Amino acid sequence: MYLKKTIHLLIAVILVLSLAACGSSNESKAGNSTNTGTANNAEAASAEPAETAEPSESTVDIAAGIPPWQGRDNKEVTLTVGFSKGMTGIANQFAVAKGWYEDAGIHLNFVDTPNPVSAFGAGEVDLADGDPGTYIPAIVNGVKIKVVSNMWRNRGAYWIIAKPEIKSFADLKGKTVGSAQAIGGMALTLMEVLSQNGIDPKKDVELVPNGFYQSAYATFVSGEVDATIIHNPYATMVEKNGEGNVLAKTWEYLPDYHTGVLVASQKLIDEQPDVVERVLEVYFYANEYAKTHFDEFIPWAAEYLNLDEETTREAIEAEIELWENNPIVDVDRLQVTEDLLTEYGMQRDKVSVDGTVDNQFAEKVAKTLKLDKYKTEN
């Protein structure tokens, strides 16, 4: 009996010690597990970079002046470009003046390209802007370039102005009208607007190629022409100075006529596609920034155009509806443009725009900068 009680007592002691050991072991495991988790979290936290090398789309904030290239490791590159000046290239020239291309690692060599197609064909230009009516036939005929985006505005920002005594299109009969050039987009636009207003451009008026910008303005104020197609700020200046009347904003008559694209060499597209995208980022960031920061942009623009700030603001605001900042090219509108050029004898053969446009970069940039269809409402 004594032996049996002793055995039971020993078994009970063993069970108690065993349970205590298990509890101690489990606590140790729990403690190790907690410590391990803390260590792993600390290690993971230390492994996370404080700042990403490639900013996400959400970090881009044009209103706050945060561009997509900020904080990015931008590979340095030098490009030869043909960029528009005057009102046609004003916000892009603002980007150049601000040093934004340099900030994005893009060093620009500027060239004037009176014959951009030949320059591209000779490999002398990497990227340029301009009239699609010049570039599309060249692409179709084998020049190794592609349209990669719209310009900041792509509807003809042209005005038809006339002497004070000319109050309507009917008054133009028998007059001399400046067409900018003998052929091309501005001449076509003028003839189409005249036709829509009952004036036969071949019989009712004398068309005279009188150049662009300051040249066209000079022929007008000197009396060499009675009316002319022209860019702003000259239309605004004519009205403010009492030198004449505005007969037409031509985009109201040709809403589908496409007048502005950016083109890149196929070599640049194939070998440095990231650079094409980077150029478009700067270009459209600058244009959207300028459009939404007039207090900063207008004083600079006035100095650039050699005008007072009031006239500069009026000239820019007069065309604000055209300042769309939509990179993505509408190929249907390009086809309308080519068909009109053929109809008016500006090019010999009908041209198809199939295969002339590469919208991949424009799509990415529109998404990054939240432009056009990617624009978000606040």
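The values are calculated or read from the model by the stated rules, or taken from the named source; none is laboratory data. Worth saying up front: this structure is predicted, and the values here are computed from it rather than measured. Here the Cβ is made from the backbone with ideal geometry for all residues, glycine too, and neighbour counts use every protein chain on show. Note: areas computed on protein heavy atoms with side chains; ligands, DNA, RNA excluded. Shrake-Rupley method; radii C 1.70, N 1.55, O 1.52, S 1.80 Å.
When the Cα atoms of the range 140-264 are aligned to their principal axes, the ranges along those axes come out at 48, 31, 23 Å in descending order. Quarter the surface of the alpha carbon convex hull of the range 251-375 and you get the mean projected area, 9.8 square nanometres. In summary, the lysines within cross-link reach of Lys98, defined as a Cα separation below 20 angstrom excluding same-chain residues under 8 places away, comprise Lys75, Lys85, Lys291. Is there a quick way to get the dipole size of the range 117-258? I mean about its Cα centre, with the Cβ of Lys and Arg at +1 and of Asp and Glu at -1; what is the value in debye to the nearest 20? Value, rounded to 20: 160 debye.
Each label point was placed 7 Å from the Cα along the Cα-to-Cβ direction; for Asp73 and Val221 their separation is 5.5 nm. Once the C-beta distance of Gln181 and Asp354 is scaled by a Förster radius of 41 Å, the resulting FRET efficiency is 0.90 to the nearest 0.05. Give the separation of the Cα centroids, the range 273-306 to the range 177-225, in Å. Their Cα centres are 31 Å away from one another.
Charge tally around His293: other residues with Cβ under 14 Å, Lys/Arg +1 each, Asp/Glu -1 each, net -1. Against the criterion of solvent-accessible heavy-atom surface with a 1.4 angstrom probe, Thr368, Thr228 sort, most first, into Thr368, Thr228. Straight-line reach from Lys175: which lysines have a Cα under 24 Å away, not including same-chain ones fewer than 8 places off? Within reach: Lys163, Lys167, Lys202, Lys203, Lys240, Lys249.
Packing around the peptides 256-267, 78-89, taken as the average count of other Cβ atoms within 10 Å per residue, puts them in this order, highest first: 256-267, 78-89. I need the GluC sites (Glu not before Pro) found in the range 277-319, filtered to DSSP loop residues with at most 12 other beta carbons within 10 Å of theirs. When the GluC sites (Glu not before Pro) of the range 277-319 are filtered for loop state and at most 12 Cβ neighbours within 10 Å, nothing remains. The value obtained for the range 89-196, namely the Cα convex hull volume divided by the number of residues, is 153 Å³ per residue.
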